[in-house]
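The values are calculated or read from the model by the stated rules, or taken from the named source; none is laboratory data. No experiment lies behind these values; they were computed from the predicted model shown. Don't worry about glycine lacking a Cβ; one is built from the backbone with ideal geometry, like all the others, and counts go over all protein chains shown. Note: areas computed on protein heavy atoms with side chains; ligands, DNA, RNA excluded. Shrake-Rupley method; radii C 1.70, N 1.55, O 1.52, S 1.80 Å.
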Amino acid sequence: MPEPSLRNSAKNALAKQILDSLAAEGIIADPTQQQLINVLGKTVGPASKNAPQGAYIYGPPGRGKTVIANSLVAHLPAHSTRRFHFHEFFHQLNSPKNRVPGQPLGAIFSQGLERELAGIQVLIFDEFHCTEPGDAMFMGKLVKYCKQHDIQLVTTSNYAPEKLLDDDAFHHLVTPIIESIRADYEVFELDHELDYRLRKAEMEGATSGYRSGSLTLLPQQAPRDSLETWIEIGYDRIGPARQAGEAIWISFDQICRTRRNTADYLELATRFPRWHITQIPSSELMPMDEERRLANLIDVFYDKDIEVHLYAEDDLSQLGHMLHAAEKARLTSRLAQLHRHNIERTTVSP
C-alpha cells in the first residue's frame, strides 16, 4: 500500500489501534482507508455513544474492506464480538445438526439467529450480498434481528445498497433492507483506483495460506509417493483422490462436477491445509453451475486462508463470464493473488 500521508490521522483510540496493527503487518492505510478506519473507530464498539446501528462498507474487490474489518474484530471485546463470512454464517444456521424434523425454513433462521448471536454486541459480517430471493429473506431477518436486539452490524460488500438483488423482478424484496441500511447505518464507499490484490509485490514472500497457492497450466500429476484416498462428506464419498502428507490432489470433475455445495466446501476446508485441484477445463467454455461451484470453493478457501493450487487448461481469465459482474470482479481479484507458473501474468481490471 502507498506510503502514509496521514499516518497520524487516527481520531480515537480504536482507530489508532487498527492503524498500528495494520502497520505492524506492513500495511500502511491510504487516505481513503484511514477515513474509513476513523469512521469505524467512532461508530463501533462499547465506547461509541449515540452511534448508528452499524456500518455498511462497500466497494470493488481488493480495496482493503476485509483486512480492515478483521483488524477491527481483533480490537473489540472477544466475548461480545463475532465475525462471520456469508457462506459460513448461512451454513451454521442451516446445518442439519441444528434442524428439527419438519421445521419451517423461517423458524430455522429465527432460532439460528438466536443461537449464534446470543450475547453478541457487535457482528462483523463479510461479503454481504443478495443475488437471489432466498438471500433477501435471510438478510432481511438478519438486519431486523440485529436492530431488535441492539446488535451493531458491520458489513462488507461489493454492492452499493441499491444494487442488492439487482433484478427488476425481485428487487422489491430488498427495498426494506436498503431503507434500513440508509436510515440506520453509516454507509461508506471504499473505492479508489488501485486493487491492492493485483499488485505483484504484495504476493511475494507468502509461504503459507491462500497467497502461497498457485495457478499452473496443465498437465500436472500427483507425486509418485502419494496414496489413493477417498474423502467422506455427508453420506457421500469423493474420489479416488491422492494424498501426500497434508496435501490432497483432487480433480475438477470430482469437486465441481458433482453435487457439491458451499457447505461441503466449508467442511472440506477443515480437512487438509493444502489442496491441488487438477484438470480444470477451459474457463471460456465452463458451464455456469460449474464455474459457480469453483467460485464458491475459491471464496471459501480464500476466507479460511487455505493453500490451493489450480491446474487448468487456460489462465482462467474468463472464469465468471456467466456470473454477476461483482462476483466476477471478486473472483478475478482473488485469482490474481495466486502465483502463476508457466502463465504470463496479465493485469485484469475487475
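Can you tell me which residue is most open to solvent (accessible area, probe 1.4 Å) among those in the range 22-39 that are more than 19 Å from Glu189 (Cα to Cα) and under 21 Å from the mean Cα position of the chain (by Cα)?
Glu25
Within the range 275-283, identify whether any single residue is buried (at least 22 other Cβ atoms within 10 Å of the Cβ) and either in contact with a Lys or Arg (Cβ under 7 Å, 6 or more places away or on another chain) or assigned to a helix (DSSP H, G or I) (or both), and answer yes or no.
no
Between Asp253, Asp225, Asp314, which is crowded, with 16+ Cβ neighbours inside 10 Å, in contact with a strand residue (DSSP E or B) (Cβ under 8 Å, 6 or more places away or on another chain) and not aromatic (Phe, Trp, Tyr)?
Asp314
Of all the residues that make up the range 230-240, how many are in a strand (DSSP E or B) and under 15 Å from Ala269 (Cα atoms)?
Looking only at that region, the number is 4.
With (1) within 23 Å of Glu327 (Cβ to Cβ); (2) exposed (fewer than 15 other Cβ atoms within 10 Å of the Cβ) as the list, and Tyr265 as the residue in question, which single condition is left unmet?
Against the list (1) within 23 Å of Glu327 (Cβ to Cβ); (2) exposed (fewer than 15 other Cβ atoms within 10 Å of the Cβ), Tyr265 comes up short only on (2).
Six or more apart or on different chains, Cβ under 9 Å: which pairs go from a residue in the range 76-103 that's of a type in the set (Ser, Thr, Tyr) to one that's at pLDDT 90 or above and in a helix (DSSP H, G or I)? Could you list them?
So the pair list comes out as Thr81/Leu72; Thr81/Val73.
Inspect all residues belonging to the range 143-164 and state whether any of them is assigned to a strand (DSSP E or B), of a type outside the set (S, T, N, Q), under 17 Å from Phe188 (Cβ atoms) and without any contact (Cβ under 8 Å) to a residue 60 or more places away in the chain.
no
Do we find that Ala241 is surrounded by fewer than 21 Cβ atoms within 10 Å (Cβ to Cβ) and more than 16 Å from the chain's Cα centre (by Cα) in this structure?
Criteria not met by Ala241.
Among the residues of the range 92-112, count how many are at pLDDT 75 or above and closer than 24 Å to Asn158 by Cβ.
Result for the range 92-112: 3.
Quick check: anything in the range 149-168 closer than 30 Å to His79 by Cβ, in contact with a Cys (Cβ under 7 Å, 6 or more places away or on another chain) and modelled with pLDDT of 90 or more?
Yes, the range 149-168 contains a residue that is closer than 30 Å to His79 by Cβ, in contact with a Cys (Cβ under 7 Å, 6 or more places away or on another chain) and modelled with pLDDT of 90 or more.
Listed here are the residues, each with its yes/no results for (1) farther than 14 Å from Cys256 by Cα; (2) surrounded by 20 or more Cβ atoms within 10 Å (Cβ to Cβ); (3) of a type outside the set (Gly, Ala, Ser); (4) within 21 Å of the chain's Cα centre (by Cα).
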site: Asp289; (1), (2), (3), (4): no, no, yes, yes
site: Glu307; (1), (2), (3), (4): yes, yes, yes, yes
site: Leu319; (1), (2), (3), (4): no, yes, yes, yes
site: His324; (1), (2), (3), (4): yes, no, yes, yes
site: Glu327; (1), (2), (3), (4): yes, yes, yes, yes
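Could you please give the count of residues in the range 291-305 that are open to solvent by less than 10 Å² (accessible area, probe 1.4 Å) and acidic (Asp, Glu)?
Selection size over the range 291-305: 1.
Pairs under 9 Å by beta carbon, first residue within 18 Å of Glu290 (Cα to Cα) in the range 229-257, partner part of a helix (DSSP H, G or I) and among the aromatic types (Phe, Trp, Tyr), six or more apart or different chains?
Pairs that qualify, where the first residue is within 18 Å of Glu290 (Cα to Cα) and the partner is part of a helix (DSSP H, G or I) and among the aromatic types (Phe, Trp, Tyr), are Ile255/Tyr265.
I'm trying to understand the selection: among the residues of the range 167-188, which are over 20 Å from Gly45 (Cα atoms) and without any contact (Cβ under 8 Å) to a residue 12 or more places away in the chain?
Hits for the range 167-188 are Asp167, Asp168, Ala169, His171, His172, Thr175, Glu179.
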